[in-house]
Amino acid sequence: MIKVTVSDIIDETALVKSFRLQRSDGGALAPYEAGAHVDVLCPGGVTRQYSLCSPPEDAGSYVIAVKREQQSRGGSAALHDKVVSGDELVISEPRTLFRLQPSAEHHVLVAAGIGITPLLSMAYQLRRGGADFRLHYFAVSRESAAFAAFLESSEFAASVEFHFSVAREEQPAVLTEILSDVNTATHVYTCGPKQFMQQVIEAVPRSLPQDNVHFEHFQAVEPNDSSGDAFEVELDTGEVFRVPSGRSIVDVLTEQGIDIDTSCREGICGTCVVAVVDGVPDHRDHCLTRKEKEAGNQIATCVSRAKTARLVLEL
């Protein structure tokens, strides 16, 4: 974990603030891969994940943007109401679960609302690498679109297209038009509300391989559901523990004094992922890719369960 100082706070919109973070010890921050996020320990003790939206190669500071949620569980409200310039926060090292594909010849970035944040860092990286890309940004209005003024005057402004005031029922047609000419050398990346991302996925031509479509959930897609049949977990130490219905693997192991790093506890951040040696996981997370889930050799222990009577885990 890293201690950082909030050097600047900007009201990007009426509901979105950006926070510029610098190391409190004056040192350099590690460069990161576009699409990365950090854990932020918010006032009140809750930890939340926020995408980095500054240039990935900038070692001087990180920037996160936080939308104040109407039903905040303590993260966005605390950052909006309690944090001022000069305050100190604690963050994690950046982690990347949503990444650009270097083999792609063309990249299409499709954002809705606060989903612009990881795609903004991707646009920086693509521009610096001379890659061919297009960024489509959907928002209710220009006033509600975070970073709109910056995007209009940025070094990659010519690659940005705004879509304001597109009614929800009209979005599928617009997305279909945007994605109508993509080919197998194109990769599509999307972030935003669940329904919007689903519309993007459905608008992609069937000729485009599933592996060419990438998306990131910036909030829990559904409540943490740990229901299901009980099962056993066997550790590489030989210890065996029963995981009952309604309890997670993390909860059971923590009670036994076995620590697994966790953060979101919603299957989003990937902190608690461990290796599976034997058994079939019942994946309920949103951090592992489709290929990783099909391989069956990893599991997000905060939400996922087992399809077999026992899972053998390597911690």
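The values are calculated or read from the model by the stated rules, or taken from the named source; none is laboratory data. Remember, predicted model here, so these are calculated numbers, not experimental data. Because the Cβ atoms are built from the backbone with ideal geometry, glycine has one as well, and the counts that use them run over all protein chains shown.
Structure above, values below:
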| quantity | calculated |
| --- | --- |
| Matching residues, region 11-22, being touching a Lys or Arg at 6+ places or on another chain (Cβ under 7 Å) and surrounded by fewer than 17 Cβ atoms within 10 Å (Cβ to Cβ) | 11 |
| Hits in region 183-203 (condition: in a helix (DSSP H, G or I), closer than 20 Å to residue 35 by Cα and not charged (D, E, K, R)) | 196, 197, 198, 200, 201 |
| Residue 159, sole failed condition from (1) more than 28 Å from residue 17 (Cβ to Cβ); (2) without any contact (Cβ under 8 Å) to a residue 60 or more places away in the chain | (1) |
| Matching entry among 58, 39 (being acidic (Asp, Glu), in contact with a strand residue (DSSP E or B) (Cβ under 7 Å, 6 or more places away or on another chain) and under 18 Å from residue 2 (Cβ atoms)) | 39 |
| Scan of region 42-84 for residues that are farther than 20 Å from residue 113 by Cα and either among the polar types (S, T, N, Q) or touching a Cys at 6+ places or on another chain (Cβ under 6 Å) (or both), ordered by number | 47, 61, 78 |
| Hey, residue 35 in a loop (DSSP other than H, G, I, E, B), of a type outside the set (Phe, Trp, Tyr), without any contact (Cβ under 8 Å) to a residue 40 or more places away in the chain and touching a helix residue (DSSP H, G or I) at 6+ places or on another chain (Cβ under 9 Å) or not | no |
| Enumeration of residues in region 227-255 that are at pLDDT below 90 and touching a strand residue (DSSP E or B) at 6+ places or on another chain (Cβ under 7 Å) | 228, 236 |
| Residues of region 69-97 satisfying the condition of being in a helix (DSSP H, G or I) and charged (D, E, K, R) | 81, 82 |
| Condition check for residue 91: farther than 26 Å from residue 293 by Cα and either among the hydroxyl-bearing types (Ser, Thr, Tyr) or buried (at least 18 other Cβ atoms within 10 Å of the Cβ) (or both) | yes |
| Within region 277-312, considering residues that are of a type in the set (A, V, I, L, M, F, W, C) and buried (at least 23 other Cβ atoms within 10 Å of the Cβ), the one nearest to residue 237 (Cα to Cα) | 311 |
| Where residue 264 falls short, out of the listed (1) in a strand (DSSP E or B); (2) within 16 Å of the chain's Cα centre (by Cα) | (1) |
